[in-house]
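The values are calculated or read from the model by the stated rules, or taken from the named source; none is laboratory data. Quick caveat: nothing in here was measured; it's all calculated off a predicted structure. Cβ: placed from backbone, ideal geometry, glycine included. Neighbour counts: every protein chain shown.
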């Protein structure tokens with residue numbers, strides 16, 4: 001038996017003492033008799049990432065910790081656990097205030113009698129209209145009584161003056177809406193704002209009130225509470241019988257509707273609304289009542305621009321045909337002189 005020092009691999013940290021065993025006079029490979037210390041790295045540095053992916057680190061749940069009630073966890077522990085699991089923190093519950101500045105519709109809309117403005121009170125139809133107006137007046141008186149609980153100085157005659165002023169300022173602001181869009185909201189509600197500006201883009205509107213044919217008249221008053229009894233809204237319907245001028249021009253400056261020379265008699269029922277619970281509430285135009293029996297107006301004609309066709313070059317065949325047609329017939333050609 002011989003003893004020698006050898007290095008089995010280049011990865012060994014130290015030399016090991018190896019012995020050559022001889023069994024039955026046959027020499028065998030050297031066997032290390034001392035502990036072998038190797039480096040933790042693989043002998044082949046290639047494919048290190050692939051070899052690392054073969055091993056999966058299993059994170060076993062801690063059932064004792066999961067049984068711990070949430071109330072006993074601190075905010076820092078909850079934040080770390082949510083961050084570990086990739087859960088985003090929930091947004092805090094913040095109640096946003098709601099501001100109701102107007103109602104979305106007309107409650108109990110007034111139905112104009114058919115033939116209003118053309119029927120005299122002396123006739124049978126006029127007397128019937130007067131009787132219906134007296135029958136519906138009781139609800140209006142109760143609504144005005146509620147209105148005076150919030151506004152002690154309310155008078156119908158004073159309101160009609162304010163209604164005429166708001167009506168004219170709203171139409172003047174509609175003509176200048178391109179310059180100032182917020183001015184119109186001072187005189188109309190959020191419901192009437194999109195209705196007044198519908199199809200008004202790229203158009204020029206000229207409007208003017210020439211005078212009153214009849215004095216303004218309050219035909220209906222209604223109040224309604226929203227969410228709570230203290231949050232009260234009031235709607236007053238006013239009859240306008242006026243003489244107006246209206247002209248609408250398109251984007252090319254062509255007249256689409258109306259005329260600046262011709263004046264027309266206009267009968268309208270305008271609904272004014274006020275938020276009584278708001279100390280700074282004002283009367284504003286809320287809607288315009290259009291009865292069902294009123295025939296529909298003809299829509300304004302659409303304006304288009306015709307695309308001019310480009311002049312196409314004439315083909316040679318067409319030129320030859322023109323030449324053939326211009327040549328005189330053989331009978332009309334002069335005879336040639338013969339020698």
Exercise. Only one of these conditions is not met by residue 147: (1) part of a helix (DSSP H, G or I); (2) in contact with a strand residue (DSSP E or B) (Cβ under 8 Å, 6 or more places away or on another chain); (3) modelled with pLDDT under 80. Which number is it?
Worked result: (3)
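Could you run through region 233-254 and say how many residues are at pLDDT 90 or above and surrounded by fewer than 16 Cβ atoms within 10 Å (Cβ to Cβ)? Even if it seems obvious, please write down each step before you answer.
Here is the first cut: in region 233-254, the ones at pLDDT 90 or above are 233-249.
Filter again for surrounded by fewer than 16 Cβ atoms within 10 Å (Cβ to Cβ), leaving 243.
The total comes to 1.
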For this session: Return only the number of the condition from (1) over 29 Å from the mean Cα position of the chain (by Cα); (2) touching a residue at least 24 places away in the same chain (Cβ under 8 Å); (3) under 26 Å from residue 297 (Cα atoms) that residue 156 does not satisfy.
Result: (3)
